[in-house]
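Structure, as structure tokens:
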Protein chains: 2
Amino acid sequence: MSKLKKKYRSGIEAALEVIGGKWKGIVYYHLSHGKKRTQELNRLIPTITRKMLVKQLRELERDGIVERTVYAEVPPRVEYELTDYGQSLKPVLNTFCEWGESHLEQVYGDKNHVLDQFSDLNHC
Amino acid sequence: MSKLKKKYRSGIEAALEVIGGKWKGIVYYHLSHGKKRTQELNRLIPTITRKMLVKQLRELERDGIVERTVYAEVPPRVEYELTDYGQSLKPVLNTFCEWGESHLEQVYGDKNHVLDQFSDLNHC
DNA sequence: CCGTATCCACGCAGATACTG
DNA sequence: CAGTATCTGCGTGGATACGG
């Protein structure tokens, strides 16, 4: 985990540092539904570049949320999954996500019009 | 509230759009402890520039989280406070904040070493 | 006191090509 | 397949000065 000395003004800042930003949330979201290979994640999030994806995963790893497993095969296979510690974010992000969806309803009337659908995933 | 048509991949993204980023969390945090004038907020968050502060407040206002009240006085007085809708984020951000604080403990051993103290505020 | 305008530098992130 | 390197642009946000 990160050991940078830095001042935070509230736990919100600290949590946002771990899971905030443009990509972390959606990456976490997919990993919370099970172990994934790099490529799978990239396919699930087509708009992220490989470079960014790897960067997000490294940071999640550094913060102890995600574990990276490399299999000594050819061609190489790498899998990412939530650590036990990462699981502790689940209920937190779940209420967060639910608030987000109800917010979309507030703003747009129908959240489904602005939420991309995933075949086999339910929301939140 | 915002009416931009945009696709979200999960409620997390939507919520992050409202409360994510470098400043929104801490601004919300202070407003959740009561109505504040512009200057007060700027004093409570010394590292934010006036321009950024106003920008964050405008966005929170646009998203229906914050209400801005202008008093026709000289010198001018402007106050910001959470709307009823904004209050709905309180329990959500509270669990968020608590996770953040416990995360700091995990990483640093003692969260108080990295948490700036506020005189009259308790954490979260 | 509150907010905006202008200028500008820096860093983030995209595209692309490359290695193991 | 997974990941890195380089190069580049574009936007974000800081500093500063000004206006209502």
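Descriptive notes on the structure:
- Lone unmet requirement of (1) more than 15 Å from DNA strand D (Cβ to nearest atom); (2) at pLDDT below 95 for A:Ile65: (2)
- Residue-level analysis places A:Val74 among those that are within 16 Å of DNA strand C (Cβ to nearest atom), modelled with pLDDT under 95 and not aromatic (Phe, Trp, Tyr).
- Candidate set: the range A:70-106, residues that are among the hydroxyl-bearing types (Ser, Thr, Tyr) and free of Cβ contacts under 8 Å to residues at least 40 places away in the same chain; chosen: the one surrounded by the most Cβ atoms within 10 Å (Cβ to Cβ): A:Thr95
- The residues of the range B:18-29 that are within 14 Å of DNA strand C (Cβ to nearest atom) and facing chain A (nearest Cβ under 9 Å), listed by number, are B:Gly20, B:Gly21, B:Lys22.
- Restricting the range B:21-62 to residues that are open to solvent by less than 10 Å² (accessible area, probe 1.4 Å) and outside any helix (DSSP H, G or I) leaves a set whose member that is farthest from DNA strand D (Cβ to nearest atom) is B:Ile45.
- Odd one out for B:Glu81, checked against (1) in contact with a helix residue (DSSP H, G or I) (Cβ under 7 Å, 6 or more places away or on another chain); (2) of a type in the set (Asp, Glu); (3) within 12 Å of chain A (Cβ to nearest Cβ): (3)
- Set side by side, the residues A:Arg43, A:Arg68, A:Arg62, A:Arg37 differ, and just one is more than 10 Å from DNA strand C (Cβ to nearest atom), within 14 Å of chain B (Cβ to nearest Cβ) and either touching a strand residue (DSSP E or B) at 6+ places or on another chain (Cβ under 7 Å) or within 30 Å of B:Leu89 (Cβ to Cβ) (or both), which is A:Arg62.
- Checklist (1) over 12 Å from the mean Cα position of the chain (by Cα); (2) modelled with pLDDT under 95 applied to A:Ile45, failing item: (1)
- Reported count of residues in the range A:88-108, each being more than 19 Å from B:Val92 (Cβ to Cβ) and within 13 Å of the chain's Cα centre (by Cα), is 0.
- The range B:1-20: number of residues that are within 14 Å of DNA strand D (Cβ to nearest atom), in a loop (DSSP other than H, G, I, E, B) and within 20 Å of A:Ile19 (Cβ to Cβ): 1
The values are calculated or read from the model by the stated rules, or taken from the named source; none is laboratory data. Keep in mind it's a predicted model, so treat the numbers as computed, not measured. Positions of Cβ are backbone-derived with ideal geometry, glycine not excepted, and every protein chain shown enters the neighbour counts. Note: accessible area is taken over every heavy atom of the protein model, side chains too, but ligands, DNA and RNA are not part of it. Shrake-Rupley method; radii C 1.70, N 1.55, O 1.52, S 1.80 Å.
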